[in-house]
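For reference, the structure is listed below as structure tokens.
The values are calculated or read from the model by the stated rules, or taken from the named source; none is laboratory data. All of these numbers come straight from a predicted model, not from anything done at the bench. Virtual Cβ from ideal backbone geometry, glycine too; neighbours counted across all protein chains shown. Please note that ligands, DNA and RNA were not included when accessible areas were found on the heavy atoms of the full protein model with its side chains. Shrake-Rupley method; radii C 1.70, N 1.55, O 1.52, S 1.80 Å.
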Amino acid sequence: MNDCIFCKIVKGEIPSKKVYEDELVYAFYDIAPAAPVHVLIVPKEHLSGMNEAEEKHEKLLGHILLTAQKLAKTLGVAEDGYRIINNCGEKAGQTVFHMHFHLLAGAQFTNLV
Ligand code: 5GP
Ligand code: ZN
């Protein structure tokens, strides 16, 4: 996707603070953190959102969740607790239409959103 900001971040065309990268995913710090730890985990493959995920993405989706768990451990927040959030669609608050999962931690979250 030529005009997708997260595709550009994955390709290094837009700078980001990388946390982790492998053959399937790229993880980086959110530019406007909503919590002391706020990492975005995105697939290197462009999918606009969860609605576009198919059976063939089963491994990718599992890999994203396990990557989030591993990053939580690496960043030292696994024991205290963390949230993994995916916003799908405008009413859910999705603003970047390249599928991504938020890893949020370092604060006491009380409400659902
Ligand atoms: P959404 O609202 O779509 O679930 O989440 C999009 C997230 O991407 C937001 O938290 C926003 O701060 C973050 N974001 C948007 N543009 C950039 C950018 O250019 N760099 C980084 N690191 N984060 C971005
Ligand atoms: Zn993209």
> Helix 58-74 sits at what angle to the longest principal axis of the chain, using alpha carbons and giving 0 to 90 degrees rounded to 10?
Replying inline: 40 degrees
>> Which cysteines in the chain lack any other cysteine whose Cβ sits under 4.7 Å from their own Cβ?
In response: C88
>> I'd like the accessible area for T110: 1.4 Å probe, protein heavy atoms, all chains in place, Å² to the nearest 10.
In response: 120 Å²
> Using a simple spin-label model with points 7 Å from Cα along the Cα→Cβ vector, what separation in nm is obtained for I14 and M1?
Replying inline: 1.0 nm
> Normalised by the number of residues in segment 71-113, what is the relative contact order in percent for Cα pairs under 8 Å and 6+ residues apart?
Replying inline: 41 percent
> How large is the charge dipole for the chain, taken about the Cα centre, if only the Cβ atoms of Lys, Arg (+1) and Asp, Glu (-1) carry charge, to the nearest 20 debye?
Replying inline: 240 debye
> Rounded to the nearest 500, what is the chain's calculated 222 nm mean residue ellipticity when only DSSP H runs of at least 4 contribute -39500 (n - 2.57) each, over all residues?
Replying inline: -6500 deg cm²/dmol
> Among all lysine pairs in segment 11-93 that are eight or more places apart or on different chains, how many have alpha carbons less than 24 angstrom apart?
Replying inline: 18
>> In the chain, if the dipole is taken from +1 on Lys/Arg beta carbons and -1 on Asp/Glu beta carbons about the Cα centre, which of P43, Q94, Y29 is farthest to the positive end?
In response: Y29
